Amino acid sequence: MEKLKSSAMKIPQALIYICLLTFGVSLFIYLDIKNTTLLYDDVYSIFMAKTSYTDIINITASDVHPPLYYWCLKFFSSLFGDSLFALRLFSTLGVIAALLLGCFPIRRLFGGKVAITFMLLIIIFPVTQYMATEIRMYSWTMFFVLACALSAYQASEKGTGIHWVLFFGTGLCAAYLHNYGLLSVFGIYVIFFFFLIRTKKKLTYLVLCGVAFFIAYLPWLIQLWGQIDNVSSGYWIKPLTLNDIFLHIYYFYSPKEIWQPFTNFTKGEMMCGLIILMVTQLVLTIKVLLSDNIKKDKMSLLAIFSFITFLIPIAIGFIISVAYLPILVTRYMTCSFGLFVLSLAFVLARAMEHPKYKQLSYIFLLLLFFTGVVRFYSGVNYYRHTESAYQEIRKFINIEGGSPLVINDFSYYAMPRLQLILPENEYIVLTGEKSEDFRPFRFKERRTTEFVATEFILVHQDREAIQDDFSQYRQSLDNRYVVIDSLHATDIHLYRMKKIIP
């Protein structure tokens, strides 16, 4: 009789997991289908997947991110094709993998309330829509960082060999996916080290894992040191400002991607809504932690340790950015996002047990869900408008077929996007005396001084840093070419240039 009752109790909870997985998978796949935008980072990943495995190592060695993601993306595309949907789906699978961590290890370790809350938060947090659709390594880094932390917890509790192997393996994968994955794993090792000392447990396996990790990561560590030395005099990441700090605080909750224009709401309206949301979360967290004896309450301790582990890579990035070289970017925080969500899941699960905090928890979840809906609506609108702009670009270029598209080397970032929008055209980058490395992109290169054409389409991108250079080049063409047509779509300018015949 008791077994039948137990089974009856488990069925509804199993249905909750199935419903959450179904909702999450459907939502993110729908966004993958709708998102036809081509951001530079996405395009970079697409072209990287088209190169060889050896070239990926060579290119990443002189770039900024480790090679594992590009290897995996290339392998995935060899099986399922290199369509935009297929490549975005690979990122969605990383989010689904994180949801499965909620279904299985998190549920077994911390109970159904924490697991269900964790899964719900992963789905409704606005930033997850970015991780699930962008062709980048963030969703998979989040998964492996969280898996590493969970393996560390299981290794400390049970101490079995499989958990130590998982701890080492998932940590190494996270580090080879993104440099902030490395910093996140470093934070996990530090917290784990102090935990073992505090509980007077043996450090042998942790030390062995640390040594093995160092040896396995050493090849890339050497490359990373060389990259830091190369970019120390100048780097694309700008120094932190006060506005950047505020942006990092609300990034996970933002109802739109930070670079998108304000079309459905004003900045003031957004900030008012986000302040209410984040203050609600802060009040809830403080009340829950103060209402329990933190030293005796395991869930409260886990919430604190999860949050501290989430903060460690961000704190390291902030210190390096202020003291030496800017390396902190908002999206890099998503590498340890799973730990942030797990920490919040502990707080909300504990709050649900307190009648006076239960309603506040529901209010917070409702506000967060609403923010996610706004993010979804604004994102789909942006995708639709961008696709319309791409259609205008295709129409403009195809009016008179055969004209090559030409761009200066200082604004070549727009060219790879055009290559994917309209692959069959001829694309030429004008270079100066100094040779540029455009890998993984594939252009025809011409010296600016040697380029001659009867008619061509001049391409330019809206970027403040290159406006003066472009103006000078345009002026140099005035005596030889005339603009007979032009188009401004998204951040791309197209000028149809025709040679003046004396």
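The values are calculated or read from the model by the stated rules, or taken from the named source; none is laboratory data. Note that this is a predicted model, so its numbers are computed, not measured. FYI the Cβ positions are ideal-geometry reconstructions off the backbone, even for glycines, and counts take in every protein chain you see.
Odds and ends about this structure:
Matching residues to (1) of a type outside the set (Lys, Arg); (2) touching a Gly at 6+ places or on another chain (Cβ under 9 Å); (3) over 22 Å from residue 174 (Cα atoms):
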position: 323; (1), (2), (3): yes, no, yes
position: 328; (1), (2), (3): yes, yes, no
position: 332; (1), (2), (3): yes, yes, no
position: 340; (1), (2), (3): yes, no, no
position: 343; (1), (2), (3): yes, no, no
position: 346; (1), (2), (3): yes, no, yes
position: 353; (1), (2), (3): yes, no, yes
position: 363; (1), (2), (3): yes, no, yes
position: 369; (1), (2), (3): yes, no, yes
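- Sole exception among (1) under 24 Å from the mean Cα position of the chain (by Cα); (2) in the same structural domain as residue 306 (by TED's automatic domain parsing); (3) of a type in the set (Ser, Thr, Tyr) for residue 412, by number: (2)
- Residues located in segment 383-413, provided they are basic (Lys, Arg) and within 17 Å of residue 457 (Cβ to Cβ): 394, 395
- Of everything in segment 46-76 that is under 18 Å from residue 95 (Cα atoms) and touching a helix residue (DSSP H, G or I) at 6+ places or on another chain (Cβ under 7 Å), the residue that is surrounded by the most Cβ atoms within 10 Å (Cβ to Cβ) is 69.
- From 83, 62, 77, residue being of a type in the set (S, T, N, Q) and at pLDDT below 95: 62
- Qualifying residue in segment 431-439 (condition: in contact (Cβ under 8 Å) with a residue 12 or more places away in the chain, surrounded by 13 or more Cβ atoms within 10 Å (Cβ to Cβ) and among the basic types (Lys, Arg)): yes
- Single residue of 377, 362, 413, 390 found to be at pLDDT below 95 and hydroxyl-bearing (Ser, Thr, Tyr): 413
- Restricted to helices (runs of 4 or more DSSP H) entirely inside segment 1-110, those with at least 3 residues that are of a type in the set (Ser, Thr, Tyr) are 2-34, 40-50, 53-61, 68-80.
- The set of residues in segment 348-372 being within 16 Å of residue 117 (Cα to Cα), in a helix (DSSP H, G or I) and of a type in the set (A, V, I, L, M, F, W, C) consists of 348, 349, 351, 360, 363, 364, 365, 366, 367, 368, 369.
- Scope segment 450-475; condition within 28 Å of residue 236 (Cα to Cα) and in a helix (DSSP H, G or I); matching residues: 464, 465, 466, 467, 468, 469, 470, 471, 472, 473, 474, 475
- Counted residues, segment 244-287 - those being under 23 Å from residue 142 (Cβ atoms), part of a helix (DSSP H, G or I) and among the hydroxyl-bearing types (Ser, Thr, Tyr): 4
- Residue 375 being assigned to a helix (DSSP H, G or I) and under 30 Å from residue 270 (Cα atoms): yes
- Residue selected from segment 261-287 under the condition surrounded by fewer than 16 Cβ atoms within 10 Å (Cβ to Cβ) and either of a type in the set (S, T, N, Q) or on the phi > 0 side of the Ramachandran plot (or both), by the criterion modelled with the highest pLDDT: 266
- Residues in segment 385-417 that are closer than 27 Å to residue 127 by Cα, touching a residue at least 12 places away in the same chain (Cβ under 8 Å) and part of a helix (DSSP H, G or I): 386, 387, 389, 390, 414, 416, 417.
- Residues that are surrounded by fewer than 18 Cβ atoms within 10 Å (Cβ to Cβ), within 25 Å of residue 257 (Cα to Cα), out of contact with any strand residue (DSSP E or B) (no Cβ under 6 Å at 6 or more places or on another chain) and not assigned by TED's automatic domain parsing to the domain that holds residue 53 do occur in segment 453-463, at least one of them.
- The set of residues in segment 423-449 that are modelled with pLDDT of 90 or more, assigned to a loop (DSSP other than H, G, I, E, B) and among the acidic types (Asp, Glu) contains only 426.
- Residue selected from segment 453-489 under the condition of a type in the set (S, T, N, Q) and within 20 Å of residue 403 (Cβ to Cβ), by the criterion modelled with the highest pLDDT: 486
- Of all the listed residues (405, 420), the sole one being surrounded by fewer than 20 Cβ atoms within 10 Å (Cβ to Cβ), closer than 24 Å to residue 84 by Cα and either touching a helix residue (DSSP H, G or I) at 6+ places or on another chain (Cβ under 9 Å) or assigned by TED's automatic domain parsing to the domain that holds residue 42 (or both) is 420.
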